[in-house]
Structures are given as C-alpha cells and as structure tokens.
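Visitor: For reference, the structure I am asking about is given below.
The values are calculated or read from the model by the stated rules, or taken from the named source; none is laboratory data. Note that the coordinates shown come from a computational prediction; the quantities given were computed from them, not determined experimentally. Don't worry about glycine lacking a Cβ; one is built from the backbone with ideal geometry, like all the others, and counts go over all protein chains shown. SASA here: full protein model, heavy atoms, side chains in, ligands and nucleic acids out. Shrake-Rupley method; radii C 1.70, N 1.55, O 1.52, S 1.80 Å.
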Amino acid sequence: MPSSSGTKLATEPGGAGRNQLMHSSNAHEPYLLHPLPAKQPLLVENAAGMFSTLKTGHRVLDACGVSIIDHGSGAVRTAIVEQMNKVSYTHSMMHTNDAAEALARFLLQDQSLGLTKAYFVGSGSEAMESAMKLATSYHNANGEPGRTHFVSRKQAYHGNTIGAMSISTHLGRKAPYVTAFNRLDVSHVSAAYAYRGQHADKTEVQYAARLVRELEAEFLKVGPHRVAAFVAETVGGSTAGCITPPKTYFEGVRRICTKYGLLLILDEVMCGSGRTGTYFAFEAEGQVQPDLVAIGKGLSGGYLPIAATLVRGRVYDAIESNGGFVHGHTYQAHPLSCAAALAVQKIVRRVDMLSRCKQLGALLENLLKQSLQGSKYVGDIRGRGLFWAVEFVEDTNSKQPLDAMFAFANKMRSLAHEHGVAILSGSGTADGLVGDHIMLAPPLLITKRELWMLVSIVKLVYVQAETAYDEAKVRGANKAITTTYQPPQTKASQHC
C-alpha cells in the first residue's frame, strides 16, 4: 500500500530503501560528531606497542599522555576477557563487583598517604565533579553548609563538566559557556608558574612563600567560613604545560588549608598514576596529605574509560556519618573498566617501573635541552618524569609570547604528526590568550631509542616552524596581537 505522502517505502516494490533515501545527498557523510567538525580526524586502524597505525599505513608514535604502558597489552586484554566471562555490569546502587573492590584495595594499600576510599567514575571531569561534591558534602556533615566557595589557580584545566570547568581557567574552552560558569562560586589565584612568576633575584622557597601568602589573602578576602576547598593540579597540565611547583609550595598550601578548615583537592588526572616518576605526583612535594585526589588518564592507560576520586579517611567518615555520599553514575565502578585498570596498574607498580620513569625522564630532559635550549624561540623547557613541555616566546629576555595568529605550537603538532609523532600543543600559555607550548608525555614503557626518535622529530619540526614563522613575519602576513600580553604585576609580587 502506498504511503500517504506518495513516497515509496523500503518494503514496497521499487522502493528506494530508507538508506538510499537518507544518503542520496552525500553517501560519505560522517555521522559521528567530532569536536572540530571543520577537520575530520584521521582514522586509526590498529595500534601496538608505542605506535598507532592509520588507515593510510602511516605509523605514529604516541606521546599524548593517555597511554601509560603500551597499546595491545596481552595482560590487559586477558583481564578484560576474564572479567567479561564472569560479569560485565553491576548496578552500583545495589551491587559491587570483585574488580572494583580489588582495584580500590590496590590503589590505597599504602595507608601512610591517608587516602582510604576510592570512587570510580568514567572520566577525569567526573572525578573532579565528584571531588567538588564530596567537599561540599563534608562541610554539610560538619554543620557548615555555607562553605560553597572554591578557590583554584589561573592557567589550570580541571574538566569539561560545568562544575569542573567553572574552577578551570582555560579561556578557549570556557568561552562558549561562560554565562553558566559565572553562576558558580569560584575565585582564582596565581599559578605556580616559575618561568613567568618567580623573580630572578628570589629563590624557589621565597617564590613559594609569596604564592602561599596570596592564597591566604584570598581565603581572608572571601571569608574562610565560606571556602569549601582549594583546587590545584599538582603538576600543571595542558593549559600552561607541565609547570612544576616550587619547593615547599604545597607544604605551605596544606598548612593554610588546615588553618582555615577547608579541604585540599589535587587534580592528578594528567600528571598522576606514575607519569611524573612517583605514583602520586604529590609524593614528591614533601609531607603533603591531600583530602581528595582525582586520577584518570594513566589509570587504565586508555584501555577503557575510568577515573577515580580518592578520599582521605576523615572526609569519608564525616560524610558517612551524615547519611553517605548523594551522587551516582550509571557506569561508575564498571567491572570491565576496573579490571582493565587493575591490570594496567599492576604493570605500572612493578618494582622498576617508577624508577625507570625517573631515569627515562632525565634522559628526555637532557635530549630536549641538548636539542632545543638556546634556539631562537625556545623560552622554557620544564617537566618531571615522562611529562615535559617546551614553551615558545618571541623574545627570551622579555618572554613576550609569539604572534598568536601563527599558532606556532599547533603548527609543530601538525608537522610532527606528518613525521610520525603525536604530541600535544597548547595556546594561551602565558595568560589564557597568548602563548604557545608543546607537551611530550610518552608511555612509561618507551625505549631509549624511541625517545631519541621522538626528540629528533620535535627538533626537526621546530626548525621548520621557526623558518615558517620568520618567513611569515617578513611577508607581514600576520596581524600582530602579542601586545595583549602583560606580565603579572601584583602588590604581592612587589614584596618578593
């Protein structure tokens, strides 16, 4: 029977078929929504070891910070299949599962760090959102529901959910949703960004003291009775590029947080899970015990989606005594993700893996400095473990950023991919608007030969980008906008 519209259906004789009708305008139209639709991502056909192979046959070394061990691990694959053969899903409101319980026990077995509970979610953004809710739940349990204000740092990124983005200062990612973020109770203090913040005549310890004084001043300005938590990346991630804290900084931060009864939340989604040479990045910061820690990317190394919020004992005890944590996700503590993560963590926690990360990190530092230090536009080379960044500037004395219109770091990332290396790039490094950096975060199982290859290609594409930038300046093709950058000048900075 003909349809009322007169169009033949797929089941009718001579009907074109639903797919043909739908696709007649463009048979190759992609239906997957990509973040940047103007550029279709390249298709990865398979991956093994340190490399991904594209459909074109092009092989690319992965140095993007998610793969913590390697691609195609037999041990991880076996763990996932074994778990699938037992149970693939449990509803966390009613049941638990062996994989989640075992992973939590494995992560928290070192009781000296004070972390006693693990809350497993699907992404780093969810882990940070959970940390914010745990902080407010803790203060509610203690009879202080007015503690709703969060203090975080400039040049930081904590995730894509509304809450996590509100405490972030990645201007490019916040811009489309700024009205939503502005409704949340947040303020920001200076980043621990020695390259741009530490005065040449001051020591690390003096710089740290200045930052801690600024933080305390912010607590007092807001009203300590209103502040729920201070949030910071232990080692800065993608926004400013691997900025490491000065000595004694986090010890001072912990002291001030304790003084005013608020919580310390550390975001180690990118820098944790062994990436910087200690399992938790904060372990390198002296006697510092955070109240909440978010980990993510290196937890499963990309095998399955998972992240975690780790909770200090006294925080959990208070929340539990008040009826528990009112929060949940359909796929939290997912058995397959937990099984994959546990298999990855057993590899990461092998006796020599963290020391190997430190040794290879020292090699990576040396190779980068030998190859790039002193180059025309290289301002700073910084990092820890296998987590390194290079910041580029127009002038190494004034630290004036490069012309943002050229997108120097993005150019390097594209060129590096063509030469067989996947690295990360960032813009807005200096102040959220201008500045360029690249990041190198290869798997912990990378070989010395592969590290040499990585740095060799980075050097090659830097030279290409430098040449292209010089030529663009000669042609006058760029509209200079670097004058928007103003070095930080605050009352606090004038004292130290």
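Visitor: Find all pairs meeting these conditions: Cβ atoms under 7 angstrom apart; at least six residues apart or on different chains; first residue within region 392-416 and touching a residue at least 24 places away in the same chain (Cβ under 8 Å); second residue part of a loop (DSSP other than H, G, I, E, B) and open to solvent by 60 Å² or more (accessible area, probe 1.4 Å).
Guide: Asp403/Ala480; Met405/Lys479
Visitor: Okay, next question. Across region 282-311, what is the number of residues that are under 13 Å from Gln345 (Cα atoms), touching a strand residue (DSSP E or B) at 6+ places or on another chain (Cβ under 7 Å) and either open to solvent by 10 Å² or more (accessible area, probe 1.4 Å) or among the hydroxyl-bearing types (Ser, Thr, Tyr) (or both)?
Guide: 1
Visitor: What is the residue count in region 99-121 for residues that are open to solvent by 80 Å² or more (accessible area, probe 1.4 Å) and either outside the structural domain of Ser273 (by the TED database) or in contact (Cβ under 8 Å) with a residue 24 or more places away in the chain (or both)?
Guide: Here the count works out to 1.
Visitor: Go through (1) over 25 Å from Glu233 (Cβ atoms); (2) among the charged types (D, E, K, R); (3) part of a strand (DSSP E or B) for Lys117 and report which single condition fails.
Guide: All conditions are met except number (1).
Visitor: Report yes if Ala339 is in a helix (DSSP H, G or I) and closer than 25 Å to Ile80 by Cβ, otherwise no.
Guide: yes
Visitor: Search region 180-192 for residues that are closer than 9 Å to Leu211 by Cβ and pair each with any residue that is assigned to a loop (DSSP other than H, G, I, E, B) and modelled with pLDDT under 75 when their beta-carbon atoms are under 8 Å apart and the residues are at least 6 apart or on different chains.
Guide: That search, which allows pairs on different chains as well, returns Ser190/Pro488; Ser190/Thr490.
Visitor: Criterion first (surrounded by 17 or more Cβ atoms within 10 Å (Cβ to Cβ), in a loop (DSSP other than H, G, I, E, B) and out of contact with any Cys (no Cβ under 9 Å at 6 or more places or on another chain)) does Ser168 satisfy it?
Guide: Here the answer is yes, as Ser168 does meet what is asked.
Visitor: To continue, here is another question. Would you confirm, using the coordinates I've provided, whether Ala131 is assigned to a strand (DSSP E or B) and within 20 Å of the chain's Cα centre (by Cα)?
Guide: Spelling it out, it is not the case that Ala131 is assigned to a strand (DSSP E or B) and within 20 Å of the chain's Cα centre (by Cα).
Visitor: Could you tell me which of the residues Thr244, Thr234 is touching a Leu at 6+ places or on another chain (Cβ under 6 Å), under 24 Å from Asp291 (Cβ atoms) and modelled with pLDDT of 95 or more?
Guide: On the way: Thr244 fails: touching a Leu at 6+ places or on another chain (Cβ under 6 Å).
Sole residue among the options that is touching a Leu at 6+ places or on another chain (Cβ under 6 Å), under 24 Å from Asp291 (Cβ atoms) and modelled with pLDDT of 95 or more: Thr234.
Visitor: Restricting to region 268-307, give me the number of residues that are assigned to a loop (DSSP other than H, G, I, E, B) and either at pLDDT 95 or above or hydroxyl-bearing (Ser, Thr, Tyr) (or both).
Guide: 24
Visitor: It is to be established whether one or more residues within region 395-404 are among the acidic types (Asp, Glu), out of contact with any helix residue (DSSP H, G or I) (no Cβ under 9 Å at 6 or more places or on another chain) and either at pLDDT below 95 or not in a helix (DSSP H, G or I) (or both).
Guide: Keep residues of region 395-404 that are among the acidic types (Asp, Glu), which gives 395, 403.
Retained after the next criterion (residues that are out of contact with any helix residue (DSSP H, G or I) (no Cβ under 9 Å at 6 or more places or on another chain)): 395.
Add one more test, that the residue is either at pLDDT below 95 or not in a helix (DSSP H, G or I) (or both), and what stays is 395.
The answer is yes; a qualifying residue exists.
Visitor: Here are the criteria: (1) in a loop (DSSP other than H, G, I, E, B); (2) open to solvent by 50 Å² or more (accessible area, probe 1.4 Å); (3) within 16 Å of Gly324 (Cα to Cα); (4) polar (S, T, N, Q). Tell me which single one Ser92 does not satisfy.
Guide: (2)
Visitor: Okay, moving on. Criterion first (at pLDDT 95 or above, not in a loop (DSSP other than H, G, I, E, B) and not assigned by the TED database to the domain that holds Ala100) does Leu360 satisfy it?
Guide: yes
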